[in-house]
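Please read the structure below before turning to the comments.
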Amino acid sequence: MSEKELSSSEDEDDGCEGKVDVGVGGLEKILESTQMFDVTPEQFALEHDLMLTDTKTTDNDEQSRGRTKKAGTTSLFSVNLGKMRSMRVFYSDPECTCGQLVIATLDSHYKILHFHHGGLDKLAKIFEQWSSIKARSVQEVGSPSAIADKQLIICQPAAPTFEKDPEEGLFEKMTLNEWRSYENKAGVIVDSSTVRKHIHFASVNFDMREKVWPFLLRVYPWESSADQRDNIKNDLFLEYQNIRKKRYRTMDNAPARWLSIENSIVKDVIRTDRKNPFFAGDNNPNGETMKNILINYAIMNPEINYIQGMSDLLAPLLSTLNDEVDAYFCFTNFMKRTVFSSTPQGNENLMETNLNYLRNMIKLFEPDFYQHLEKQKPDAMQLMFVHRWILLCFKREFPENHALHVWEGCWAAWRTNYFHLFVCVAIVSVYGKDVIAQDLPHDEILLYFSSLAMHMDPVLVLQKARGLLYEFTRLEKIPCVLEGLCSAENEQWHSHKSFRNFYCNQSHTDKEVCPYQ
Amino acid sequence: MHPVRKRSSIYQDVDFSYTVMILGDSCTGKTCLLIRYKDGAFLNNNFISTVGIDYRNKLINMGDKKVKLQIWDTAGQERFRSVATSYYRDADALLLVYDIANRQSFDNVRDWLSHIKEHGKEAVQVTLVGNKCDLPRVVQADEGRRLAEENGIPFMETSAKTGQNVDRAFLGLAERMIKMKYGFVPGGEMADTIAVNESKSINLSNCCPIT
């Protein structure tokens with residue numbers, strides 16, 4: 001998004017200090033529009049053809065355009081403008097007509113309205129006029145209510161025009177034919193780098209997941225031939241039988257401990273992805289399979305054991321691969337990439353590593369947001385609003401199909417093993433401006449982002465994340481604390497940047513010595 | 001108690017503001033208690049495990065005073081407990097929940113209590129809650145009551161499903177926090193905190209020093 005997009009909120013900020021700037025439209029225009037307050041919202045809506053029709057009950061073209069006035073077919077969304085804290089418009093198209101309207105009430109409830117077919121700009125204009133009138137009335141006769149009016153913020157950011165990766169849009173979701181084109185006669189993926197790049201930009205078609213995920217999760221090496229993969233599959237099947245045997249032995253040796261672990265696994269299995277038909281219903285055998293995989297994982301990784309959230313990450317693997325052995329090994333490798341694989345004995349807390357990277361990435365890419373966090377209590381730097389994003393890899397932030405595209409983007413590990421952190425920064429970048437505009441304290445930042453869950457634009461966020469990664473790879477100098485962010489895939493850096501320059505950004509603990517200082 | 005923020009919200013003119021944390025084993029109904037209290041609804045057949053940390057604000061009137069409760073819902077991610085520890089530190093009150101239909105969740109209450117002693121505020125108000133009292137019980141009410149008495153904390157049985165005692169559990173916490181600080185409860189005490197079907201009086205002297 002451009003820097004200038006917040007102009008209307010800046011007007012509001014001026015208003016806070018008493019310098020009311022009417023801004024949009026002249027005085028006549030405002031006086032003219034005050035007349036709309038003489039009628040009820042329903043009357044106004046009828047007169048101006050703004051009634052919302054329930055599309056489920058109307059099939060007539062005329063009706064669906066909102067011209068019906070029949071009782072029973074209309075549904076009104078009404079909201080008391082005086083009882084709100086902010087309204088924010090997010091445009092999703094370059095024409096600035098479609099997008100989302102996010103309304104926050106004073107007690108931090110959020111209502112998100114989607115405008116898929118235009119009209120948002122017109123509504124935004126009305127709100128802006130209303131806001132100006134209100135600001136004027138406050139200035140002239142004082143605030144009529146105890147509620148401070150200055151908190152109502154109507155922002156109209158322009159459609160995002162951030163820097164995109166130049167290769168953005170070159171790829172389509174990968175199909176079977178395209179996958180085949182990457183294989184040689186023996187079934188070897190010759191150029192795995194290009195495949196991962198393809199998936200990074202466009203992910204894979206729904207029906208390709210079963211085939212591609214075991215590669216992305218390194219169960220099958222890219223360079224393996226079809227024959228070798230058959231052998232690997234057989235070996236893994238046998239290995240899994242041994243894991244099963246080990247499980248029975250282990251559980252027999254310490255029955256109380258394992259019964260308790262099994263209990264906590266079962267508690268979560270029965271409430272994981274129940275809306276997915278694959279897991280729906282009581283006594284669904286797939287639930288039993290999920291339980292077995294999680295117990296086996298805990299048996300084989302006793303230092304990690306079972307942690308809530310694992311079932312959420314396993315469920316899509318199991319329902320996609322529909323095979324216990326495949327799902328187990330994909331899950332095991334998936335866990336290696338997540339914060340779940342931190343062990344209490346290990347020296348490294350992976351969550352803390354991630355948060356530390358993220359803090360520095362926000363500082364680098366979104367300095368205003370970082371400053372806002374710095375103003376809050378120290379707890380704000382815990383970045384609580386991202387914990388669930390990282391733990392469940394955005395599974396509860398986007399509808400599942402989109403969340404799985406995010407997973408694929410992360411698993412592709414194109415240029416970085418921390419793509420999920422670029423997604424975090426992208427969300428902050430696209431949706432975080434409102435946090436600053438509303439001056440939300442650290443606890444309400446959490447509430448704000450959790451209200452946006454399932455309402456964010458996944459395509460936009462991913463595009464932004466790729467743009468940020470591209471930007472990062474082109475930086476002349478990188479803060480030393482982010483040295484490890486893209487270290488994994490050196491061969492993919494731009495050829496003209498054979499080595500990276502780092503500088504010390506002074507965010508070390510006292511004891512650490514920075515080689516770049 | 002935290003200083004009330006000067007912000008434009010319905011919370012700007014509250015008289016008291018407290019942080020409450022709901023703790024307990026997984027699947028004891030912590031989120032359901034919160035949703036029942038906040039919205040008066042029960043999450044039937046739509047349940048999902050809590051991951052990360054979440055909270056809701058609830059505004060209550062006590063006499064002529066407005067009290068804001070910021071209620072934090074926690075998850076069972078022991079591994080990331082360091083995250084929650086700072087919230088223990090800040091919490092004015094804790095609702096420690098077990099499931100009366102699950103023996104293990106009750107057995108773990110002692111672990112939770114020692115964890116609270118270690119990480120919680122010294123003056124933190126703890127209430128022991130036996131949830132799911134709509135289900136066939138495995139843990140007798142007397143067991144819960146005895147454990148609470150041993151630890152000098154109030155006890156009640158609730159049902160997030162029927163709503164039984166849910167308001168009283170939270171209201172009781174608010175009353176005790178205010179009473180501890182100011183020595184009286186505006187509007188008089190409404191929630192007798194020991195509540196297992198029948199009401200019982202309790203000696204609050206050990207948790208309500210008059211300041």
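For segment A:186-268, the solvent-accessible area of protein heavy atoms averages 51 Å² per residue (probe radius 1.4 Å; ligands and nucleic acids excluded). In whole Å, what is the distance between the alpha-carbon centres of segment B:82-141 and segment A:121-135? Spelled out, the Cα-based centre of one part sits 49 Å from the other.
For the pair A:S181 and A:N205, label points projected 7 Å from Cα toward Cβ lie 1.2 nm apart.
Shape analysis of segment A:242-364 places it in the oblate category; the axes a ≥ b ≥ c from the Cα gyration tensor give an a/c of at least 1.5, with a/b not above b/c.
For B:49-59, what's the mean count of beta carbons from other chains sitting within 10 Å of each residue's beta carbon? Don't jump to the answer; show the numbers that get you there.
Working: counts 10, 3, 10, 14, 7, 6, 6, 3, 6, 1, 1.
Neighbouring Cβ atoms belonging to other protein chains average 6 per residue here.
Over segment B:102-156, accessible surface divided per residue gives 48 Å², non-protein components excluded, 1.4 Å probe.
What is the mean number of Cβ atoms from other protein chains located within 10 Å of the Cβ atom of each residue in peptide A:177-190, rounded to a whole number?
Working: counts 0, 0, 0, 0, 0, 0, 0, 0, 0, 0, 0, 0, 0, 0.
Average per residue, whole number: 0.
For segment A:261-367, trypsin sites (Lys or Arg not before Pro) meeting the loop criterion (DSSP other than H, G, I, E, B) and having at most 13 other Cβ atoms within 10 Å: A:K275. Burial here means at least 10 square angstrom less accessible surface with every protein chain in place than with the chain by itself, probed at 1.4 Å; in segment A:89-126 the buried residues are A:L106, A:D107, A:H109.
By how many nm would the segment from A:L113 to A:A280 grow when fully extended, if each residue of separation counts as 0.36 nm and the alpha-carbon distance is taken off? Walk me through the numbers before you get to the answer.
On the way: separation 167, 0.36 × 167 = 60.12 nm, distance 2.99 nm.
Between A:L113 and A:A280, full extension yields 57.1 nm more.
Ignoring ligands, DNA and RNA, how much accessible area is buried between chains B and A, both sides summed, with a 1.4 Å probe, to the nearest 100 Å²?
On the way: alone 10680 and 25840 Å², together 33020 Å².
Chain pair B/A: roughly 3500 Å² of buried accessible area.
Taking 0.36 nm per residue of separation and subtracting the Cα-Cα distance, full extension of the segment from A:L238 to A:L475 would add 80.5 nm. A simple spin-label model places the labels of A:L123 and B:R103 5.6 nm from each other, with each point 7 Å out along Cα-to-Cβ.
Residue ranges A:377-388, B:58-69, A:109-120, A:304-315 sort as A:304-315, A:377-388, B:58-69, A:109-120 when ordered by packing (mean number of other C-beta atoms within 10 Å per residue, highest first). Distant-in-sequence amide contacts of A:V204, defined by a placed amide H-H separation under 5 Å and a gap of 5 or more residues or a different chain, comprise A:M174. When the label point is put 7 Å from the Cα of A:N322 along its Cα-to-beta-carbon vector, which residues of segment A:208-241 have a backbone N closer than 17 Å? Hits in segment A:208-241 for A:N322 at 17 Å: A:208-214.
Checking the cross-link pairs A:K267/A:K395; A:K125/A:K464; B:K30/B:K161; B:K58/B:K117; A:K173/A:K197 against a 21 Å limit on the alpha carbon distance flags A:K125/A:K464; B:K58/B:K117 as lying beyond it. Among the residues of A:300-310, the average count of other protein chain beta-carbon atoms within 10 Å of the residue beta-carbon is 3.
The values are calculated or read from the model by the stated rules, or taken from the named source; none is laboratory data. Keep in mind that this is a model prediction, so the values were computed, not measured. We place every Cβ from the backbone using ideal geometry, glycine too, and count neighbours over all the protein chains shown. When the accessible area is computed, the model is the full protein with side chains, heavy atoms only, and any ligands, DNA or RNA have been set aside. Shrake-Rupley method; radii C 1.70, N 1.55, O 1.52, S 1.80 Å.
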